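**Student:** I'd like to ask some things about the structure below.
The values are calculated or read from the model by the stated rules, or taken from the named source; none is laboratory data. This is a predicted model, so every value here is computed, not measured. Methodologically, a virtual Cβ is constructed for each residue, glycine included, from the backbone with ideal geometry; neighbour enumeration extends over all protein chains shown.
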Amino acid sequence: MRGIYLDYNASGLVRPEVLEIMTRALADNGNPSAVHAAGRRARARVETARAQVGDLVGADPT
């Protein structure tokens, strides 16, 4: 029997595709404010996410 999760106040279920993307992002750490290579990669991920969320909600990401 499959259980029913009711404690969304504490956390929520994570879709497999979200878990995959988050795992990749967390494996490549870096400070997005830094100028070194890891920081530039982190900044690029932040900017990509910002643009994607902006597109999703119909907002200008700037």
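**Student:** For segment 6-27, what are the residues that are at pLDDT below 90 and either small (G, A, S) or surrounded by 10 or more Cβ atoms within 10 Å (Cβ to Cβ) (or both)? Write out each step before concluding.
**Tutor:** Going through segment 6-27, the residues at pLDDT below 90 turn out to be 6-14, 21-22, 24-27.
If the condition is that a residue be at pLDDT below 90 and either small (G, A, S) or surrounded by 10 or more Cβ atoms within 10 Å (Cβ to Cβ) (or both), then A10, S11, G12, V14, I21, M22, R24, A25, A27 are the ones that fit.
**Student:** Something else now. Considering only residues that are out of contact with any helix residue (DSSP H, G or I) (no Cβ under 8 Å at 6 or more places or on another chain) and outside any helix (DSSP H, G or I), look in segment 28-58 and name the one that is surrounded by the fewest Cβ atoms within 10 Å (Cβ to Cβ).
**Tutor:** Initially, segment 28-58 is screened for residues out of contact with any helix residue (DSSP H, G or I) (no Cβ under 8 Å at 6 or more places or on another chain), giving 35-44, 46-58.
Restricting the remaining residues to those that are outside any helix (DSSP H, G or I) gives 35-36, 58.
Working: V35: 8, H36: 10, G58: 6.
Restricting to residues being out of contact with any helix residue (DSSP H, G or I) (no Cβ under 8 Å at 6 or more places or on another chain) and outside any helix (DSSP H, G or I), the top hit is G58.
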